[in-house]
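Novice: Here it is, the structure in full.
The values are calculated or read from the model by the stated rules, or taken from the named source; none is laboratory data. On a predicted model such as this, the values are computed, not experimentally measured, just so you know. Cβ sites come from the backbone with ideal geometry, for glycine too, and all protein chains shown count toward neighbours.
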Amino acid sequence: MPTAKKYHTQSEAILKAANYCAYQERCHNEVLTKLQEWGIYGEEANQVVLFLIENNYLNEERFAQAFAGGKFRVKKWGRTKIKRELKLRQVSDFCINLALKEIDPNDYTNTLQEVIQKQLEKAQTKHPILAKQKAFQYAMQRGYESDIIQDVLKSLGY
């Protein structure tokens with residue numbers, strides 16, 4: 001396995017990190033991990049991160065909002081799963097709460113209803129209780145809250 005290339009000047013590291021952040025939104029933890037892969041540690045890494053923050057390449061609020069919105073719209077994840085994944089990336093609770101507020105409650109319920117309906121269609125069983133259990137379990141795995149799942153199942157006649 002090739003060894004990590006050590007950037008000899010801080011300007012090289014800053015340029016590489018700026019390009020890394022410009023490609024897509026990143027959290028601080030991802031940037032620090034990447035800097036370590038490049039052989040940049042300690043105070044030098046902190047200086048690079050500081051530059052990225054000051055020049056708006058790195059913004060944890062923006063990252064959390066983009067992450068939450070994308071996972072909700074594209075992968076149809078629920079709030080619980082999004083929150084768990086952001087915590088794994090060491091995003092602050094403040095940023096997580098801001099990001100989750102961006103998800104419209106009506107869109108959230110409609111998306112959950114869509115997820116449950118697809119799962120009920122897949123179940124195709126003669127036992128509605130079994131289909132309901134499978135749909136409930138699937139929605140829980142997707143990160144939706146149990147009380148909201150129950151409400152949607154009731155609205156669908158289960």
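Novice: Would you check if GLY69 is closer than 16 Å to GLY143 by Cα and either in a helix (DSSP H, G or I) or modelled with pLDDT under 95 (or both)? Break it down stepwise before answering.
Specialist: Details: closer than 16 Å to GLY143 by Cα: yes; either in a helix (DSSP H, G or I) or modelled with pLDDT under 95 (or both): yes.
It is true that GLY69 is closer than 16 Å to GLY143 by Cα and either in a helix (DSSP H, G or I) or modelled with pLDDT under 95 (or both).
Novice: Take VAL115 and tell me if it is outside any helix (DSSP H, G or I), buried (at least 17 other Cβ atoms within 10 Å of the Cβ), at pLDDT 95 or above and not assigned by TED's automatic domain parsing to the domain that holds LEU50. Break it down stepwise before answering.
Specialist: On the way: outside any helix (DSSP H, G or I): no; buried (at least 17 other Cβ atoms within 10 Å of the Cβ): yes; at pLDDT 95 or above: yes; not assigned by TED's automatic domain parsing to the domain that holds LEU50: yes.
In short, no.
Novice: Now a separate question. So how many residues does segment 86-112 have that are outside any helix (DSSP H, G or I), among the aliphatic types (A, V, I, L, M) and within 26 Å of GLN137 (Cβ to Cβ)? Before the answer, list the steps.
Specialist: So the first thing to find is which residues in segment 86-112 are outside any helix (DSSP H, G or I), and the list is 89-92, 102-104.
Next, from what is left, pick out any that are among the aliphatic types (A, V, I, L, M): 91, 103.
In the following step, the residues that additionally are within 26 Å of GLN137 (Cβ to Cβ) were identified as 103.
Of the residues in that region, 1 qualify.
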